[in-house]
Amino acid sequence: MNMKRRGVLLTWAFCSLAIVGQSQQLNVAKLDSLFASLSSNQQAMGSVAISKNGKLLYVKAIGYSEKEAVPPVMSSVKTKYRIGSITKTFTTVLVFQLIEEGKLSLSTPLSKYFPTVPNASKITISQLLNHRSGIFNITNDPAYLTWMTQPKSKDEMVALISKTTPVFEPDTKVEYSNSNFILLGFIIENLRKKPYAQVLQERIVQKIKLTDTYYGKPAASKDNESFSYHWEGEDWKKEPQTDMSIPHGAGAIVSTPTDLVRFMEALFSNQLVSAASVLKMKTIVDGFGMGLFQIPFGSKRAFGHNGGIDGFTSNAAIFPEDSLAFAYCSNGQRYPMNDILIGVLSICFNKPYKVPQFNEAVYKIIPEELDQYLGVYASQQLPLKITITKQGNGLMAQATGQPSFPLTPKEKDAFKFDRAGVVLEFNPAKQEMTLKQGGGVFLFTKEK
């Protein structure tokens, strides 16, 4: 990448606001340095917000909200993002409001509302909330990618979920499933006799005065909404948009980091539900609470949720003992989200941290060399196959039942996909490929 292009990005793709009166103990300069490095090296696009004791300390936005527009639209601290599964925390709050009003209980069977769902008479609201229902995750359906951009009615979504086979008997195991919260969103509509979008506005958004949070629709720049992207070759490429009728109560909300930290603060100060309900939400069993995860950082513990939809990734949480909340929403990731959050929190808590510089040389590959890597690879260690194809002057990889993703040359015979922390190392002579991810090493062999 030439220095001229990097300089333009740093000048124009960078918008920040530091609340000086409240940031005496926050190393704003180091946070600025982190996001400057991410921006100038095109490692991420998105926005962050940090608050303490209910006061906003820091917000910043980097990158584009619509890159291919003429001229490109730059992100600002008011740009809105699809927040994916952070929606589940909002949905959980709406469910507990119904419980507190006596309209629902944790032991209410799913069959009261949707008897056609397999095992509905055995599945409770509690099991939907903490992912112990055994209902198949509809977004894992191999056909999902063929219909995710098409509008679906409530009846159509319930029918799709009802056709699936349970993955285990209710309450015998735990496994994350978007289907649980799609159904919870419909139950909220049934009991409130209003669309989820309206209930969200009346019961959360207006109550705590959020300004940029609502049920999503097709993105529009005129409404200051962001599109999402993945890195391909040497540039950002736009992702297709999931129709928001599909994720519903599991992932259909649009928001900003500023609104998300306000939401987390309001939840943990009992402005939305009672302290008893918050306690149930944050009680972790087998890794899951109800609409919340526990997020460790050294000896500290935060509660929150992450999200991912299309090319968007997000995270919002609060450290109750420190009264510190943070949210990060991204519409394009190369550098792993987890590493960015480690940097942000290290700076917030004054831990040693070195801002990444991304100055390593990029390995250049001759396009004709790519042909030796193409093919379908299978492993005896994992129940999936990975297909390697060529697209333009680069490689694409696709695991069974998952979207394809671009591979960036790392070194000779090695490629990476930073967003998922994936490294693929090829041995063309042996027709082998090694997958490295999350500390795991898995050997694949090319099928003949």
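Every number in this text was worked out from the coordinates using simple rules, so none of it is lab data. Note that the coordinates shown come from a computational prediction; the quantities given were computed from them, not determined experimentally. Using ideal geometry, Cβ is built from the backbone for each residue, glycine included, and neighbour counts are taken over all protein chains shown.
Listing for the model above:
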| quantity | calculated |
| --- | --- |
| Mean separation of Cα contacts under 8 Å (6+ apart) over length of the range 367-446, as relative contact order % | 23 |
| Euclidean distance of C-alpha centroids, the range 145-193 and the range 302-347, integer Å | 26 |
| Calculated diffusion of the range 367-446, Stokes-Einstein form, Kirkwood radius summed over Cα pairs, 20 °C and 1.002 mPa s, µm²/s | 171 |
| Peptide ranges 60-73, 246-259, 124-137 listed from the most packed, as the mean C-beta count within 10 angstrom indicates | 246-259, 124-137, 60-73 |
| Relative contact order (%) - criterion: Cα under 8 Å, at least six apart; region: the range 38-180 | 17 |
| Whole-number percent relative contact order across the chain, with pairs defined as alpha carbons under 8 Å at least 6 apart | 17 |
| Rg ratio (alpha-carbon, reference 2.2 N^0.38 Å) - the range 211-356 | 1.12 |
| Taking only Cα atoms of the chain, radius of gyration then Dmax in Å | 22.3, 67 |
| Alpha-carbon Rg with Dmax, taken over the range 135-195, Å | 12.5, 34 |
| Dimensions in Å of the range 25-156 - Rg and Dmax from alpha carbons | 21.2, 56 |
| Listed peptides 214-223, 386-395 by packing density, highest first (mean Cβ within 10 Å) | 386-395, 214-223 |
| When each of Lys78/Lys209; Lys67/Lys351; Lys364/Lys430; Lys80/Lys351; Lys416/Lys448; Lys351/Lys416 is checked by Cα-Cα distance, pairs over 27 Å | Lys67/Lys351; Lys80/Lys351; Lys351/Lys416 |
| Principal axis dimensions, largest first and in whole angstrom, of the range 291-359 by Cα | 35, 31, 14 |
